[in-house]
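**Q** One structure coming up, written as structure tokens, with questions to follow.
The values are calculated or read from the model by the stated rules, or taken from the named source; none is laboratory data. Remember, predicted model here, so these are calculated numbers, not experimental data. Backbone-built Cβ (ideal geometry, glycine too); neighbour counts: all protein chains shown. Just the protein is used for accessible areas: all its heavy atoms, side chains included, with ligands, DNA and RNA removed. Shrake-Rupley method; radii C 1.70, N 1.55, O 1.52, S 1.80 Å.
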Amino acid sequence: MPPKNFTCKLCGYCCLNLLEAYYTSLHPDDIELWRKEGREDILAWVVVTSTNNPYDRYHAWISPITGEDVKRCPWLRKLPNKSEYICRIDEVKPKHCRQYPTSRKHAEDTGCRGFD
Ligand code: SF4
Ligand code: SF4
């Protein structure tokens with residue numbers, strides 16, 4: 001459930017500025033889902049670390065070409081002739097994307113315009 005009075009404006013800010021708004025650690029359920037669905041295209045952007053902590057094991061989004069964190073999410077698409085953005089993997093996007101923002105404070109702290 002989104003926070004009360006929140007409406008996503010499709011501005012894309014959260015996905016264009018990952019280093020400000022994003023948790024890089026993925027929930028293990030995301031990995032399990034992508035493996036089950038055969039989403040190698042998504043898994044290619046995930047780095048697996050050697051830690052035993054399952055909640056800090058998988059990190060996104062890491063370019064498979066440079067090995068670096070990307071600033072803009074690779075799954076973001078700008079709608080033609082509009083200043084609106086959509087997620088190309090909406091149906092299987094990471095848990096923390098589905099839960100973002102968790103509160104008005106979280107939105108304000110990370111530049112989200114969903115409460116404007
Ligand atoms: S996966 Fe989708 S919702 Fe999550 S950061 Fe990328 S474009 Fe945004
Ligand atoms: S920054 Fe907030 S309003 Fe803009 S796309 Fe992301 S969730 Fe929606």
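**Q** Within region 1-55, which residues are touching a residue at least 12 places away in the same chain (Cβ under 8 Å) and of a type in the set (D, E, K, R)?
**A** Lys9, Glu20, Asp29, Asp30, Glu37, Arg39
**Q** Does Ile65 meet the test of being loosely packed, with under 15 Cβ neighbours inside 10 Å, among the aliphatic types (A, V, I, L, M) and either away from ligand 2 (no atom under 12 Å from the Cβ) or under 13 Å from the mean Cα position of the chain (by Cα) (or both)?
**A** Taking the combined requirement at face value, the residue satisfies it.
**Q** Would you be able to tell me the number of residues in region 103-116 that are surrounded by 13 or more Cβ atoms within 10 Å (Cβ to Cβ) and in a loop (DSSP other than H, G, I, E, B)?
**A** Going through region 103-116 one residue at a time, the tally reaches 5.
**Q** I would also like to ask the following. Does at least one position in region 74-86 carry a residue that is on the phi > 0 side of the Ramachandran plot and touching a residue at least 60 places away in the same chain (Cβ under 8 Å)?
**A** no
**Q** Here's a follow-up. Taking the residues in region 1-41 that are among the polar types (S, T, N, Q), out of contact with any helix residue (DSSP H, G or I) (no Cβ under 7 Å at 6 or more places or on another chain) and at pLDDT below 95 as candidates, determine which candidate is least open to solvent (accessible area, probe 1.4 Å).
**A** Per the criteria, the residue is Asn17.
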